[in-house]
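The next block holds one structure in the form of C-alpha cells; read it before the comments.
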C-alpha cells in the first residue's frame, strides 16, 4: 500500500483478516496504516532504492490516494503488478485531464475551461456566473477551491492560488450529490456497491446515506457511466465516481477517485462485504463478493473539531448498539482533519439519518 493514511489502515486490516501480509510505504514515521501493517517502509516517494525493495517484496501494489507521483507507480511496474495502472492515477490526479477524459467518452460534466495562465480566464464568457475556480492538482476536502461570481473575483482567486494550473467550472444548480463505488478485477468482473447520497460541510463530506433516495433510473445510469470509465481505463481495483444531480435531474460526473472512498465507508457495517475487502479481492484476481446492502445506514465523518472541547466520548458512543465507531489512530486532532467516522444502522434510511444527526450534535456540543 502506497500511502499510510486511514484508507491504507482499513485496507491493511481487511487484508490481514483474509490472510494477506501488507507492507505500507509512507514518508511519515507515524502513519495510521503503518501501525497495523506487517512492515512500514518509511521513505520518500522518489527514493528509488526503497521503492525497489518495496516492489521486489510485494506481489501487487496499490495506492490510497491519487497524489502519489505517477512516475513512482511506473517505476514499481518493473518489479510487481500495480493496480490501478499508473495511467488511471495520472488522469485522476489532474482535474483538467480528468474532465477532458470524461468528456471524450461522451459523458456529461459541468461546463468548464482550463486555466493555465491569466489570459485563459478571458474564456470565462463561455460560462455563466457563478463559477468555481479549482486548482488542477492537490486540492481535496474543499481546499484549493473558490466560488467566484464575476471576472474580478476569478482573477483575484487565481492570484491567490499563485497562478498554478486551474479549472474554472460553471456552478451547478445542485439538487443532490451521489457516488458509486465499484470493484473490477483483471477478468472484467465487476461488483457495484449501492449508490450513496452525500452531503458536504465546508467542502468536506459530512454524511453519506444509503439507500440514496434517488430514482432507480439515475442509479442505473450512474453505474453504467462508472463501468464505462473503468473499462476505458482497463481499471483493476476499487473506483469511485462522484456525481452531481442538478435541478433538471441531469446526472453529471463531478470527479473520479482511483481508490476506496470516504463515501463508501458505510459498507464496513451495512453490506455483506466492505469496500476494503473488495479492494483486496480485486487486486488478487478474486471474484467480486456480493455487495448486498442489509441495513439502511448513515455514515458521518468525525473531524478533529470534535476534540476541541476535550476527549471524544468514546465509551458513550460504544454504548449505542446502533452506532459503529471507526477511529483512525491519528495522533493530532486538528479542525477539519478526518479522525474517524461512525455508521448508524436502521431499518429505514430516514431513521438512520435522524439518529446520526443526533449523535453528531451531541459530539459537537460544548
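The values are calculated or read from the model by the stated rules, or taken from the named source; none is laboratory data. As the structure is a computational prediction, the values presented were derived from the model and not from experiment. Note that each Cβ is placed from the backbone with ideal geometry, even for glycine, and that neighbours are counted across all protein chains shown.
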- prompt: Which of the residues that make up the range 209-234 are over 18 Å from the mean Cα position of the chain (by Cα), outside any helix (DSSP H, G or I) and without any contact (Cβ under 8 Å) to a residue 40 or more places away in the chain?
  reply: 214, 215
field: Identity of the residue in the range 111-125, buried (at least 17 other Cβ atoms within 10 Å of the Cβ) and under 16 Å from residue 152 (Cβ atoms), that ends up nearest to the chain's Cα centre (by Cα)
entry: 115
field: Residues (more than 14 Å from residue 63 (Cα to Cα) and part of a loop (DSSP other than H, G, I, E, B)) located in the range 24-45
entry: 28, 29, 30, 31, 32, 37, 38, 42, 43, 44
statement: Note on the range 10-32: residues over 19 Å from residue 183 (Cα atoms), out of contact with any strand residue (DSSP E or B) (no Cβ under 6 Å at 6 or more places or on another chain) and crowded, with 18+ Cβ neighbours inside 10 Å are 22, 26, 31, 32
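How many residues does the range 219-249 contain that are farther than 29 Å from residue 146 by Cβ and either buried (at least 16 other Cβ atoms within 10 Å of the Cβ) or not assigned by TED's automatic domain parsing to the domain that holds residue 280 (or both)?
9
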query: Identify, please: which residue in the range 92-110 is over 19 Å from residue 238 (Cα atoms) and part of a helix (DSSP H, G or I) and is, among those, farthest from the chain's Cα centre (by Cα)?
result: 104
query: So which residues in the range 186-203 are surrounded by fewer than 19 Cβ atoms within 10 Å (Cβ to Cβ) and either over 15 Å from the mean Cα position of the chain (by Cα) or under 28 Å from residue 82 (Cα atoms) (or both), if there are any at all?
result: 186, 187, 188, 189, 190, 192, 201, 202
Failed item, numbered, when residue 71 is tested on (1) more than 22 Å from the chain's Cα centre (by Cα); (2) exposed (fewer than 14 other Cβ atoms within 10 Å of the Cβ); (3) closer than 29 Å to residue 163 by Cα: (1)
- prompt: Looking only at residues in the range 144-170 that are outside any helix (DSSP H, G or I) and surrounded by fewer than 16 Cβ atoms within 10 Å (Cβ to Cβ), which one is nearest to the chain's Cα centre (by Cα)?
  reply: 147
